[in-house]
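Read-outs throughout are calculated quantities, based only on the coordinates presented, and are distinct from any laboratory measurement. Since the model is a prediction, treat every value here as computed from it, not as a measurement. Note that each Cβ is placed from the backbone with ideal geometry, even for glycine, and that neighbours are counted across all protein chains shown.
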Amino acid sequence: MAKQKFPVTAATRALKAARVAHTPHLYEYVERGGTAASSAALGVDEHRVIKTLIFQTDAGDPLVVLMHGDRAVSAKELARHLAVKTVEPCDPAVAERHSGYQVGGTSPFGLRKPLPVYVEASILDLPQVYVNGGKRGFLVQLDPQAFVQALGAQPVAVAR
């Protein structure tokens, strides 16, 4: 049996540089399938598949929010936490400019430019999670503490 080849992305290079142990997983990407499609393809609970979302404040400052695949971000709670008037998801083209990744393949690791990262606090209670590896159809499995240790992610309670 031939050894499976996994993509080398900015995310996998960043994970390697930060010495974050991770396991790569490829799956058949489904346009607009989201975490429901990726969790089904890998046979894992959607709650453990983490979305990487690019938001911006009312001042236009970008930030990253890591959220359970089966949950949504309360923009009102996030704005309250950040002490700003409002936050909203970035338009896909803007998100791609900030992150350097194509929407559907956005990873919190290896971003084009450093952005503040916020992680839903309950994610940190899970033993292992799956997050995008920097390409559509490619997730990496890792300990969620890597979000805090390698990215300096700040825990928040903004799930709805």
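Pairs linking a residue in region 141-160 that is of a type in the set (S, T, N, Q) to a residue that is surrounded by fewer than 16 Cβ atoms within 10 Å (Cβ to Cβ), with Cβ atoms under 7 Å and 6 or more positions apart or on different chains, are GLN141/THR23; GLN141/GLN128.
If you go through region 58-75 and keep only what is more than 18 Å from PRO155 (Cβ to Cβ) and surrounded by fewer than 18 Cβ atoms within 10 Å (Cβ to Cβ), you end up with ASP58, ALA59, GLY60, ASP61, ASP70.
State all residues of region 100-144 that are among the small types (Gly, Ala, Ser) and assigned to a strand (DSSP E or B); if no residue qualifies, say none.
Looking only at region 100-144, we keep the residues that are among the small types (Gly, Ala, Ser), and these are 100, 104-105, 107, 110, 121-122, 133-134, 137.
Residues satisfying the conditions are GLY133, GLY134.
Within region 42-77, count every residue that is among the aliphatic types (A, V, I, L, M) and part of a strand (DSSP E or B). Working first, answer last.
Taking region 42-77 as the starting set, the residues that turn out to be among the aliphatic types (A, V, I, L, M) are 42, 44, 49-50, 53-54, 59, 63-67, 72-73, 75.
Then drop every residue that is not part of a strand (DSSP E or B), which leaves 49-50, 53-54, 63-67, 73.
So the count comes out to 10.
Just one of the listed residues (ARG80, ARG32, ARG97) is within 17 Å of the chain's Cα centre (by Cα) and assigned to a helix (DSSP H, G or I), and it is ARG97.
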